[in-house]
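As structure tokens, the structure follows; a few thoughts come after it.
The values are calculated or read from the model by the stated rules, or taken from the named source; none is laboratory data. From a predicted model like this one, the values you see are computed outputs, not experimental measurements. As a convention, Cβ positions derive from the backbone with ideal geometry for all residues, glycine included, and neighbour counts pool all protein chains shown. When the accessible area is computed, the model is the full protein with side chains, heavy atoms only, and any ligands, DNA or RNA have been set aside. Shrake-Rupley method; radii C 1.70, N 1.55, O 1.52, S 1.80 Å.
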Amino acid sequence: MTRGSRRLLSALLVAAVSLGFLLPAAAQAARDVAGELRKERGRLLEMKEREEKTALELTEALREEKRSKGRVGEMQARLTRQRSLLSRIDRKISALNKRLEGTEKAVRELEAAHGQARTDLQRAEVVAFAGQRAEAGDPWYPSARERERHFMRVYLAADAEGVARITRARERKEEELSGLERQVAVTERKMAREKKVGDTLLSRQEEERRRLADIEREKKRKEKELKSLRAKIARMESVVSRVERQVKERERRARKAAAGGSAAREPAETPRRFASLSGGLSAPLAGKVVTRFGRQHDTTFDVTIENRGVEIEAPSGASVMSVGQGEVAFAGTVSGFGNVLIVQHGGGLFSVYGRLEAFLVKQGETVKKRTVVGRLPGSPSGKSVLYLELRAGGTAIDPTSVIPLDS
């Protein structure tokens, strides 16, 4: 074998040995990076799924809570921010996928090159050692140990340069991976904050939904009560108006009879004021006014009720007295007010007592101021309510304006 062919075989052997050592390390480093990128992609996909679930829940909550007063806009803005964050995560995942594909391609190329290098190395070894055996008897030809040392020095020089390149490539990959990890950490912290905000928002939505449902139920109950109360007031108004007409007719007939049956039309008695009633007025019982006279507006449900009288809370079973002297014009029941007593005081003045348990006077009986006319019913709470209404000339007036009542 000539000296030139031996040099060629030596160079091939060195190159094959270098590739045999360098390519496996580079391929392993690339596989490690690819594995890290796969894990990173998995974490981002999980984060995306959680955010998509949160976004779906927020969307559903927004559809169900459109009636929530003034809060839908804020919820929509939060949902928009969540979707924007999901879009950014999608872009990051797409970029990572591209990089992962490139790394996997590089790994495949390195593995292919490593396989080819191993094949070339095996061929070079066969040729080199065949030449070594052919020249074994030449005293000027270096020994096998010297050739090995020579090959090792060449290999080590090439290996040092290859290691340096791999080290630099590894440092770049590690720096890049560190940057990705920092980005993922920042994204995870931001996602945690957004999730916390989303949870708080959902909790507030649930509270608002419950509050609105409670308000709606209470409003329906109030509307039902209001309808019932208005019907009760209308029934009481009908009874009192009828009694007023009957009393007015009796007074007209009495005046006509007193005038000797004259056919001339007698002028009706001029309506008086309660302040001019002989003997004055007194409270029907000791108690506290719990429902006031006149228009009462409920700001929560935006409804108004017209009260023709007042309600006085007093101990159960308490005696009820006439507020002034007069005559019992009516003693009976009125739906919604129970037992009702009406006393006419003359001159178009009437006092009405409702929710009595029993009457202690009869219709047509004359009563004086503070005469006990009835009794309040018993109650497990120990408290009952008296309805009191005063009327002058067919018009209801505020009892607290003419009678000292504790309010």
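By the rule of a C-alpha distance below 19 Å, with chain neighbours fewer than 8 residues away ignored, the lysines paired with residue 220 are 69, 232. Checked against a 20 Å cut-off, the cross-linked pairs 39/98; 288/362; 92/196; 227/383; 53/196; 98/196 give Cα-Cα distances beyond that limit for 288/362; 92/196; 227/383; 98/196.
From the Cα gyration tensor of the range 270-407, with a ≥ b ≥ c the square roots of its eigenvalues, which class applies: rounded if a/c is under 1.5, or else prolate if a/b is larger than b/c, or else oblate? Here the range 270-407 falls in the oblate category. Projecting the Cα atoms of 404, 276, 332 onto the dipole axis of the range 270-407, where Lys and Arg carry +1 and Asp and Glu carry -1 at the beta carbon, places 276 farthest toward the positive end. Under the simplified labelling scheme, the residue 199-residue 256 pair shows an inter-label distance of 8.6 nm, with each label point 7 Å from Cα along Cα→Cβ.
Here the range 182-222 and the range 365-393 have alpha carbon centers that stand 53 Å from each other.
Could you look at the range 270-407 and say what percent of its accessible area is carbon and sulfur, using a 1.4 Å probe and all protein chains?
Numbers: 2980 of 6230 Å².
Using a 1.4 Å probe with all protein chains present, the range 270-407 comes out at 48 percent carbon and sulfur.
Taking every protein chain into account, the accessible area of the range 270-407 amounts to 45 square angstrom per residue (probe 1.4 Å).
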